[in-house]
1. So, B:Y38, is that one modelled with pLDDT of 90 or more, surrounded by fewer than 24 Cβ atoms within 10 Å (Cβ to Cβ), more than 16 Å from the chain's Cα centre (by Cα) and farther than 22 Å from A:D73 by Cβ or not?
2. For residues in the range B:247-259 being of a type outside the set (G, A, S) and in contact with a Phe, Trp or Tyr (Cβ under 8 Å, 6 or more places away or on another chain), which is surrounded by the fewest Cβ atoms within 10 Å (Cβ to Cβ)?
3. Kindly indicate which of B:L263, B:L240, B:L274, B:L201 is under 23 Å from A:S78 (Cα atoms) and either more than 9 Å from every other protein chain (Cβ to nearest Cβ) or open to solvent by 20 Å² or more (accessible area, probe 1.4 Å) (or both).
4. Out of the residues in the range A:128-167 that are modelled with pLDDT of 85 or more and of a type in the set (S, T, Y), which is nearest to A:C267 (Cα to Cα)?
5. From the list A:V47, A:V52, A:V67, A:V85, exactly one residue is closer than 16 Å to A:I143 by Cβ and either within 14 Å of chain B (Cβ to nearest Cβ) or not polar (S, T, N, Q) (or both). Which is it?
6. Go through B:P125, B:P80 for me and flag whichever is at pLDDT 90 or above, assigned to a helix (DSSP H, G or I), out of contact with any Asp or Glu (no Cβ under 6 Å at 6 or more places or on another chain) and more than 23 Å from B:I271 (Cα to Cα).
7. Hey, could you check the range A:181-198 for residues that are open to solvent by 20 Å² or more (accessible area, probe 1.4 Å) and in contact with an Asp or Glu (Cβ under 9 Å, 6 or more places away or on another chain) and say which is nearest to the other protein chains (Cβ to nearest Cβ)?
8. Restricting attention to the range A:204-237, and to residues there that are among the hydroxyl-bearing types (S, T, Y) and in a helix (DSSP H, G or I), which single residue is nearest to the other protein chains (Cβ to nearest Cβ)?
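The values are calculated or read from the model by the stated rules, or taken from the named source; none is laboratory data. Since we're looking at a predicted model, the values are computed, not measured. All Cβ positions, glycine included, derive from the backbone under ideal geometry; neighbour counts span all protein chains shown. For accessibility, only protein heavy atoms count, side chains too; no ligands or nucleic acids. Shrake-Rupley method; radii C 1.70, N 1.55, O 1.52, S 1.80 Å.
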2 protein chains.
Amino acid sequence: MSSCNHNCASCASKSCSDRNQESLLAPNNEKNKIKKIYAIHSGKGGVGKSFVTSMLAASLAKKGYKVGILDADITGPSIPTAFGVTEHLHGTKEIMYPAVKDNIKIVSINLLLENPSQPVAWRGPILANAVKQFYNEVCWEEIDFLFVDMPPGTGDVALTVFQSLPIDGVLIVTTPQDLVSMIVGKAVNLAAMMEIPIVGLIENMAYMNCPCCNNPVYPFGPSHLTEVAGDYGIQPLASLPINPDWNKQIDAGKIMEIDYPYLDKVCSLLIKSLRD
Amino acid sequence: MSSCNHNCASCASKSCSDRNQESLLAPNNEKNKIKKIYAIHSGKGGVGKSFVTSMLAASLAKKGYKVGILDADITGPSIPTAFGVTEHLHGTKEIMYPAVKDNIKIVSINLLLENPSQPVAWRGPILANAVKQFYNEVCWEEIDFLFVDMPPGTGDVALTVFQSLPIDGVLIVTTPQDLVSMIVGKAVNLAAMMEIPIVGLIENMAYMNCPCCNNPVYPFGPSHLTEVAGDYGIQPLASLPINPDWNKQIDAGKIMEIDYPYLDKVCSLLIKSLRD
């Protein structure tokens, strides 16, 4: 290791014996008492990862749990929109205050931008740093579940979140179409590389009911959830339908009004983890 | 500009009078004669950008044009899969040879990996450099159309492609659901920032026909193509249906067998540009 720069955070080596795993974790803010941190991840974008994150947060908040969302996916403004949050984040020199809506604390890059349609054309290290600050420079206070809406794929920000936040588990979201490809494998392997436990696999956009004849329609092909989860030795968690009406409610910031029993089993699993 | 490091490539300033726009462009390989380079971009992932790229390439190759695909989207292995390409890329010290299938030349990071389900956990600058090499260290030779399948969003690799490849135009792909959000705006604004002309807007996953009653079903809500394109002053190019059978053929590497008239108008527009 002659080229060692003694900065584990910028080194990709997994085999170095001098590596200090702890040193990669961002220091926690001592005012924050966060019980569980779950990352919602996917091998590629557009699978409804932000939808699942928002729905998990909404479901657990309705059950009375203290929930926070750290929106680390800077490419889309999905989370603030779903909850109808438009106010800018404010804070002091030392600390930033999350937006609070329906008892859910939300931090998102889109709540810092002057103009939300401005592209976040930041280079990786700047983005990655912003996400770290969203963890340890935000006044989260007491939280049962902090959900991290990850950027899709295996790029800079995903790596940084996995390396620098003490994630308790990853929920991998996919679609029936992507289940047959290698995309789920990439997400599974990244979590394994980072030594973060995988809670399980969620199949989104599995089917919709034809509004005319009410039969199920499979826009992305038949479900492969059970077999693919089995192939990777992870738990199949849920198979979620498409409903354009939900999209309309989410675009209008009314996610809390959606009756959504499809994640109940996942919520029970997460609630159980609080006692671990 | 006291902090100028005299390297325009690593500087984000647009207003610096010393900026040398040309210096950002990767030097062309003189053996390559590429007539037109079009980037297929989207504000977020999962909108079927790679599908549109592959279909454009297939359609134009069927019409007899010389087509190449530079797969700059390293998060998913979509392009090689669609064309059934699995062979590893090979080359010499100086030059890399593209895979050739159905007369289409293809270069993709996934064709360099030992194991295609290995996550490409590379930091931004390494990725960005790989894409530049895919342009100027690949033996493309004579090409009418080089399609660049962009990574989604406005991150490192997207920025580098826009800055360092002489892109003739951008085609922005979206879904009906994303049309109502700010996501298209981000892609439009990025192209404007980079001073690259936008060819127009393609709406993917616009509808599908119920296999039972044959009525159209709109999984992602009604079309907003014309109005949103109008809002941004860009051309509405095409509204593309969903068909799970195509996905099956693409997963089996049989994209050339799909009869796909939906991009004919776009193809005519691109063919016309060859004469400009």
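1. On the way: modelled with pLDDT of 90 or more: yes; surrounded by fewer than 24 Cβ atoms within 10 Å (Cβ to Cβ): yes; more than 16 Å from the chain's Cα centre (by Cα): no; farther than 22 Å from A:D73 by Cβ: yes.
In short, no.
2. Of all residues in the range B:247-259, those of a type outside the set (G, A, S) come to B:247-251, B:254-259.
Pick out the ones that are also in contact with a Phe, Trp or Tyr (Cβ under 8 Å, 6 or more places away or on another chain) and you get B:247, B:250, B:255-256, B:258.
Details: B:N247: 19, B:I250: 22, B:I255: 24, B:M256: 19, B:I258: 16.
Residue satisfying both the conditions and the ranking: B:I258.
3. Working: B:L263 fails: under 23 Å from A:S78 (Cα atoms); B:L240 fails: under 23 Å from A:S78 (Cα atoms); B:L274 fails: under 23 Å from A:S78 (Cα atoms).
Result: B:L201 is the single residue among B:L263, B:L240, B:L274, B:L201 that is under 23 Å from A:S78 (Cα atoms) and either more than 9 Å from every other protein chain (Cβ to nearest Cβ) or open to solvent by 20 Å² or more (accessible area, probe 1.4 Å) (or both).
4. By that ranking, first place goes to A:Y135.
5. Values: A:V47 fails: closer than 16 Å to A:I143 by Cβ; A:V52 fails: closer than 16 Å to A:I143 by Cβ; A:V85 fails: closer than 16 Å to A:I143 by Cβ.
Exactly one of A:V47, A:V52, A:V67, A:V85 is closer than 16 Å to A:I143 by Cβ and either within 14 Å of chain B (Cβ to nearest Cβ) or not polar (S, T, N, Q) (or both), namely A:V67.
6. Checking each option against the conditions leaves just B:P80.
7. Of the residues in the range A:181-198, the ones open to solvent by 20 Å² or more (accessible area, probe 1.4 Å) are A:181-182, A:189, A:192-195, A:197-198.
Now narrow it down to the ones that are in contact with an Asp or Glu (Cβ under 9 Å, 6 or more places away or on another chain): A:181, A:197.
Numbers: A:S181: 7, A:P197: 17 Å.
That would be A:S181.
8. Initial filter on the range A:204-237 (among the hydroxyl-bearing types (S, T, Y)): A:207, A:218, A:223, A:226, A:232.
Pick out the ones that are also in a helix (DSSP H, G or I) and you get A:226, A:232.
Values: A:T226: 18, A:Y232: 10 Å.
The extreme case among them is A:Y232.
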